[in-house]
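J.: Okay, handing you the structure first.
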């Protein structure tokens with residue numbers, strides 16, 4: 001049964017991404033990039049992108065400083081620990097950012113690493129902040145995989161402001177070499193203090209650390225400002241957003257790149273507007289999760 005589930009999982013992934021794989025092979029340029037694709041994630045710096053990120057950081061930390069402080073205080077009073085603030089970005093900076101994120105060469109570079117043609121979908125800028133009223137084990141601050149696309153979606157992250165282990169806010173993930181995309185982890189006990197959603201789909205730190213070779217191989221991203229991380233968060237366990245120090249916060253850019261031919265995604269313009277597509281997407285992602293094999297703790 002385990003072998004059958006593995007073969008089926010891999011076959012469905014290949015069939016679904018096949019049009020985007022073929023399209024990439026047809027249009028790929030002659031540049032031969034040197035990648036270690038076995039890692040399944042990409043951490044790099046790009047000078048042009050860094051310049052844009054630096055401008056956006058200055059915009060928020062200098063021009064919008066007072067407004068950011070007010071947003072944080074208002075949301076703490078609403079028992080929140082994050083909010084999106086890309087709506088504050090002025091048109092000049094927004095267009096500058098979009099021009100690069102949708103740059104043909106940059107998209108092809110990402111496509112080359114992941115092996116199928118990608119296309120830019122959208123971006124957001126998230127503000128995470130300290131809130132002493134909220135627990136550490138909650139929502140995206142717990143280990144999880146995203147469930148918003150069937151296969152092949154890539155998220156690009158970059159932290160805009162200075163962070164360290166004391167401030168918190170680092171994005172942590174477990175490379176797929178330690179927990180494969182066709183495997184899954186579940187809590188060995190039911191923590192009734194958690195919400196129903198967290199109990200069903202998220203993993204406690206104490207439980208994840210029981211998985212062989214995981215605790216010593218967790219990668220924390222965000223200490224080097226303006227690096228970018230590109231990763232498939234639907235198939236990679238990750239967590240983030242816990243700010244540990246009062247008056248500390250994180251500015252994070254999140255960018256969505258989808259397979260060029262992609263229907264089954266929350267980011268599809270027809271999702272939530274077209275009932276059959278929404279239903280089919282949820283059925284297929286549910287099937288994908290059921291084909292995974294549980295890692296015994």
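J.: When residues of segment 237-257 are filtered for being surrounded by fewer than 20 Cβ atoms within 10 Å (Cβ to Cβ) and within 26 Å of residue 20 (Cβ to Cβ), how many remain?
T.: 1
J.: Of the residues that sit in segment 238-257 and are assigned to a loop (DSSP other than H, G, I, E, B) and touching a helix residue (DSSP H, G or I) at 6+ places or on another chain (Cβ under 8 Å), which one is modelled with the lowest pLDDT?
T.: That would be 241.
J.: Is there a residue in segment 82-102 that is farther than 30 Å from residue 130 by Cα, in contact with a strand residue (DSSP E or B) (Cβ under 9 Å, 6 or more places away or on another chain) and at pLDDT 95 or above?
T.: Within segment 82-102, one or more residues are farther than 30 Å from residue 130 by Cα, in contact with a strand residue (DSSP E or B) (Cβ under 9 Å, 6 or more places away or on another chain) and at pLDDT 95 or above.
J.: Further question: Return the residue satisfying two criteria in turn: it lies in segment 182-195 and is touching a helix residue (DSSP H, G or I) at 6+ places or on another chain (Cβ under 8 Å) and at pLDDT 95 or above, and of such residues it is farthest from residue 132 (Cα to Cα).
T.: Per the criteria, the residue is 182.
J.: Out of curiosity, is residue 234 in contact with a helix residue (DSSP H, G or I) (Cβ under 7 Å, 6 or more places away or on another chain) and surrounded by 13 or more Cβ atoms within 10 Å (Cβ to Cβ)?
T.: In short, no.
J.: So, in segment 182-197, exactly how many residues are assigned to a loop (DSSP other than H, G, I, E, B), buried (at least 17 other Cβ atoms within 10 Å of the Cβ) and in contact with a strand residue (DSSP E or B) (Cβ under 7 Å, 6 or more places away or on another chain)?
T.: 3
J.: Of the residues in segment 258-297, how many are outside any loop (DSSP other than H, G, I, E, B), in contact with a strand residue (DSSP E or B) (Cβ under 9 Å, 6 or more places away or on another chain) and closer than 30 Å to residue 209 by Cα? Spell out the reasoning first.
T.: Here is the first cut: in segment 258-297, the ones outside any loop (DSSP other than H, G, I, E, B) are 258-259, 265, 275-290, 293-294.
Remaining after also requiring in contact with a strand residue (DSSP E or B) (Cβ under 9 Å, 6 or more places away or on another chain): 258-259, 265, 281, 285, 289, 293-294.
Now restrict to residues that are closer than 30 Å to residue 209 by Cα: 285, 289, 293-294.
Count: 4.
J.: Here's something else I'd like to know. Here is a check on your reading of the model: is residue 79 closer than 28 Å to residue 268 by Cβ, over 21 Å from the mean Cα position of the chain (by Cα) and exposed (fewer than 15 other Cβ atoms within 10 Å of the Cβ)? Full working, then the answer.
T.: Numbers: closer than 28 Å to residue 268 by Cβ: no; over 21 Å from the mean Cα position of the chain (by Cα): yes; exposed (fewer than 15 other Cβ atoms within 10 Å of the Cβ): yes.
Criteria not met by residue 79.
J.: Still on this structure, I have one more. What do you reckon, is residue 4 loosely packed, with under 14 Cβ neighbours inside 10 Å, in contact with a helix residue (DSSP H, G or I) (Cβ under 9 Å, 6 or more places away or on another chain) and in a helix (DSSP H, G or I)?
T.: No.
J.: Restricting attention to segment 273-296, which residues are surrounded by 14 or more Cβ atoms within 10 Å (Cβ to Cβ) and touching a residue at least 60 places away in the same chain (Cβ under 8 Å)?
T.: Across segment 273-296, the qualifying residues are 281, 284, 285, 288, 291, 292, 293, 295.
The values are calculated or read from the model by the stated rules, or taken from the named source; none is laboratory data. None of the values given here were measured: they were computed from a predicted structure. For neighbour counting, all protein chains shown are included, and Cβ atoms are generated from backbone atoms with ideal geometry for every residue, glycine included.
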